[in-house]
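Chemist: Below you will find the structure I want to go over with you.
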Amino acid sequence: MKRTDLAVELTANAENKGYDLAEIEYEGVKVTEITVGKPAAALIGKPAGRYITIHCENHDKYRCALALSHYVSELLKPCASWERVMVAGLGNESITPDSLGSKTVHLIPATAHLSSTPEFAQLNMRPVFVFETGVMAQTGLESTDRLRYIASNILPAAVIAIDSLACTEVSRLGTTIQLTDSGIAPGSGVGGNRKPLDSSVMGTKVIAVGVPTVTDLDIEDENTKETLMVTPRDIDVIIKRCSEIIALGINSALNPTLSPEEISQLLF
């Protein structure tokens with residue numbers, strides 16, 4: 001069976017029990033929202049929660065980022081604008097299909113260390129902590145364990161985790177962004193099987209943002225049958241575009257008083 005992390009694919013052929021589906025447009029961008037209850041969670045093998053899919057094909061990145069910002073802001077509620085948020089980039093920067101999280105957090109400025117400056121209060125900025133977790137083979141630690149330890153010390157009101165995902169439909173590769181308040185299993189998009197990163201583990205709200213970058217392809221001939229994990233030829237271009245969309249959307253949601261130019265000045 002082909003792997004997928006997308007709720008829109010998992011519910012497509014499932015009997016409609018315990019979940020609600022709505023399709024809308026936000027600023028011209030198609031959005032599919034699925035609210036999964038416990039019966040449906042058991043049926044599709046995903047945690048109960050809210051799954052929001054932004055369909056980015058044929059849309060410019062600014063329009064997609066606007067939609068993403070809107071839904072990140074919704075999922076952050078009821079967190080106040082002054083409360084701390086931790087943004088975590090999951091995955092392996094050295095492997096292009098798995099580098100979405102790393103590439104994205106490079107475009108999200110940390111602002112928590114500026115909280116004692118006069119400008120911080122004047123601009124009504126939010127304290128943001130930014131981390132790139134790496135993978136277990138690089139650090140020797142589960143990404144979830146590392147983030148849980150950090151979160152227990154800085155006590156964020158929410159954690160936003162960004163990672164690569166898997167899908168079954170080739171047309172969704174690099175064109176679909178999924179947001180959910182149910183957490184994420186780090187490395188799931190490239191065959192990893194790590195500890196889940198969710199609110200029960202972290203002790204705070206967890207918002208997962210991901211883009212499918214790989215899919216399974218069945219290869220069969222007279223003698224063999226195997227499944228290969230494949231990625232688009234232009235995956236480097238896809239990762240660049242998607243990381244820019246996600247970073248722009250998250251930056252706008254976390255610090256809406258800052259312009260893109262001001263945000264870029266905070267990056268090092």
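The values are calculated or read from the model by the stated rules, or taken from the named source; none is laboratory data. Just so it is clear, the model here is predicted, and its values are computed rather than measured. Note: ideal-geometry Cβ built from the backbone for every residue, glycine included; neighbour counts use all protein chains shown.
Chemist: Residues to consider are 252, 243, 259; find the one that is surrounded by fewer than 19 Cβ atoms within 10 Å (Cβ to Cβ), of a type outside the set (Asp, Glu) and either touching a helix residue (DSSP H, G or I) at 6+ places or on another chain (Cβ under 6 Å) or under 30 Å from residue 122 (Cβ atoms) (or both).
Modeler: Values: 252 fails: surrounded by fewer than 19 Cβ atoms within 10 Å (Cβ to Cβ); 243 fails: surrounded by fewer than 19 Cβ atoms within 10 Å (Cβ to Cβ).
On inspection, the qualifying residue turns out to be 259.
Chemist: If you check residue 79 against the conditions, is it under 30 Å from residue 123 (Cβ atoms) and not in a loop (DSSP other than H, G, I, E, B)?
Modeler: Against the criterion (under 30 Å from residue 123 (Cβ atoms) and not in a loop (DSSP other than H, G, I, E, B)), residue 79 does not qualify.
Chemist: Just to be sure before I move on: is residue 75 touching a residue at least 60 places away in the same chain (Cβ under 8 Å), under 20 Å from residue 234 (Cβ atoms) and of a type in the set (A, V, I, L, M, F, W, C) in the structure I sent? Walk me through it before giving the result.
Modeler: On the way: touching a residue at least 60 places away in the same chain (Cβ under 8 Å): yes; under 20 Å from residue 234 (Cβ atoms): no; of a type in the set (A, V, I, L, M, F, W, C): yes.
So residue 75 fails the test.
Chemist: Further question on the same structure: Just one of 108, 54 is touching a residue at least 40 places away in the same chain (Cβ under 8 Å) and either touching a Cys at 6+ places or on another chain (Cβ under 8 Å) or surrounded by fewer than 21 Cβ atoms within 10 Å (Cβ to Cβ) (or both); which is it?
Modeler: Exactly one of 108, 54 is touching a residue at least 40 places away in the same chain (Cβ under 8 Å) and either touching a Cys at 6+ places or on another chain (Cβ under 8 Å) or surrounded by fewer than 21 Cβ atoms within 10 Å (Cβ to Cβ) (or both), namely 54.
Chemist: Also, I was wondering about something else. Scan the range 20-28 and tell me whether some residue there is of a type in the set (Phe, Trp, Tyr) and either part of a loop (DSSP other than H, G, I, E, B) or over 30 Å from residue 237 (Cβ atoms) (or both). Quick ask: steps written out before the conclusion?
Modeler: At the first step, the residues of the range 20-28 found to be of a type in the set (Phe, Trp, Tyr) are 26.
Filter once more, keeping what is either part of a loop (DSSP other than H, G, I, E, B) or over 30 Å from residue 237 (Cβ atoms) (or both): none.
No, the range 20-28 has no match at all.
Chemist: Further, regarding this structure: Restricting to the range 29-60, give me the number of residues that are more than 23 Å from residue 196 (Cβ to Cβ) and in a loop (DSSP other than H, G, I, E, B).
Modeler: Count: 5.
Chemist: Within the range 57-82, which residues are surrounded by fewer than 21 Cβ atoms within 10 Å (Cβ to Cβ) and closer than 17 Å to residue 6 by Cβ?
Modeler: The one that is surrounded by fewer than 21 Cβ atoms within 10 Å (Cβ to Cβ) and closer than 17 Å to residue 6 by Cβ: 57.
Chemist: In the range 156-196, what residues are at pLDDT 90 or above, in contact with a Gly (Cβ under 6 Å, 6 or more places away or on another chain) and either farther than 10 Å from residue 90 by Cβ or not hydroxyl-bearing (Ser, Thr, Tyr) (or both)?
Modeler: Result: 162, 163, 165, 166, 178, 180, 181, 182.
Chemist: Further, regarding this structure: Consider only pairs whose beta carbons are under 8 Å apart and that are at least six residues apart or on different chains; among these, list those whose first residue lies in the range 1-19 and is over 14 Å from residue 180 (Cβ atoms) and surrounded by 13 or more Cβ atoms within 10 Å (Cβ to Cβ) and whose second residue is of a type in the set (Asp, Glu) and modelled with pLDDT of 85 or more.
Modeler: 2/216; 3/216
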